Structure formats: C-alpha cells, structure tokens
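Report on the following structure.
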Amino acid sequence: MEFGDVVMTLASLIVILTLVIVPVDIVLVSAIGLELGIWVSRAVSTLIAGLIGGYIFAGKLAKERLASSGKIVVLGVFLVILVVLNLAGQPDWIAATKDTYEAANPGTTLSTAEWVSVVNMAAFQLIFMNMIMMLVIGFIGLYVGSMLRKPSKS
C-alpha cells in the first residue's frame, strides 16, 4: 500500500469516526454517564469506524493486510497524539487536571514546577490511553473489516 493510499484511508476513517462518534456519544453518555461514557464511546466508535473503513478499503488492504493495517493505525496514532496535545494545551483542561489532582490528594501544596510535572504526566497518560485504544481497537476493526469483504474475482 502506497503512502497516498494510507493517507486517503486514514482521512476516510477520520470522517467515518466523526460521523459515528456523535450518535454513539449521545447514547452512551446519557446511558452510563459522562466520564465512563466518553471512553466507552471512543472505543466503540473506533471499532465501528475501523470495521467500516476496513470493509470499504478491503481491496487496497488485501495484498499486505497486516502491514497495511499497521501503517494506517500508526499514522492514525500520530494524528491522535496531535489532537490530544492540542486538548492538553487548553486552559480549562489544565485547571481540571489541577482540580482532579487536588481532590485525589487533599491538603497537598505543589510548586509551579511540580504543577507543570503533574499536568505533563496527565497529558502523557491521556496520550497513552488514546494510543493504546487506537493501536489495539483501531487495528482490530480495520483488519477484521477488511476480512469481511470477499475478494472480487477478476
């Protein structure tokens, strides 16, 4: 699979993910709550988008299914890292991270440098969780989706 095909497949997957994630968010967040609902929604949406994308691009993935799926997912992880880093730079996110840390560790007083470390660790934890989700669930969805479509006879 050429790099242009990888980029086109990933772009299509992002569009599919965006179309899937909103209704899944609405259903799961209202059913199981905001904190858990968001994570479950992301996992389910990533799997669904991978299945649909794998099915659509099965012809391109057929020759080197494992390697091609891996290339798409690795590029997707890079995109996820950029998105999460953008989120981590938001002022409300930093305040929320501080509030969460103070709630978990009451009476703790940290210096500015220590707060930077806490916020940095929280950002990398968020990146790690999203990376694992994309690598594992995204890969499974893409691989299985590409196997669902029968090869065309020529």
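The values are calculated or read from the model by the stated rules, or taken from the named source; none is laboratory data. Computed from a prediction, not measured in an experiment: that's the story for all the values here. Here the Cβ is made from the backbone with ideal geometry for all residues, glycine too, and neighbour counts use every protein chain on show.
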*Exactly one of (1) under 18 Å from VAL7 (Cβ atoms); (2) under 20 Å from the mean Cα position of the chain (by Cα) is unmet by LEU61. Its number?*
(2)
*Look at LEU126 and say whether it is farther than 30 Å from SER146 by Cα and either under 13 Å from the mean Cα position of the chain (by Cα) or at pLDDT below 90 (or both).*
no
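So that you can scan it fast, the table gives a plain yes or no per residue for (1) closer than 25 Å to VAL119 by Cβ; (2) among the β-branched types (Val, Ile, Thr); (3) touching a residue at least 24 places away in the same chain (Cβ under 8 Å); (4) out of contact with any helix residue (DSSP H, G or I) (no Cβ under 8 Å at 6 or more places or on another chain):
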{"residue": "LEU61", "(1), (2), (3), (4)": "no, no, yes, no"}
{"residue": "ALA67", "(1), (2), (3), (4)": "no, no, yes, yes"}
{"residue": "LEU79", "(1), (2), (3), (4)": "yes, no, yes, no"}
{"residue": "ASN86", "(1), (2), (3), (4)": "yes, no, no, yes"}
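Which residues, taken from region 13-34, are part of a helix (DSSP H, G or I) and out of contact with any helix residue (DSSP H, G or I) (no Cβ under 6 Å at 6 or more places or on another chain)?
Start the filter on region 13-34 by keeping residues that are part of a helix (DSSP H, G or I), which leaves 13-32, 34.
Result: ILE14, VAL15, THR18, LEU19, VAL22, PRO23, ILE26, VAL27, SER30, ALA31, ILE32, LEU34.
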*With respect to SER68, determine if the residue is within 19 Å of ARG149 (Cβ to Cβ) and of a type in the set (S, T, N, Q).*
yes
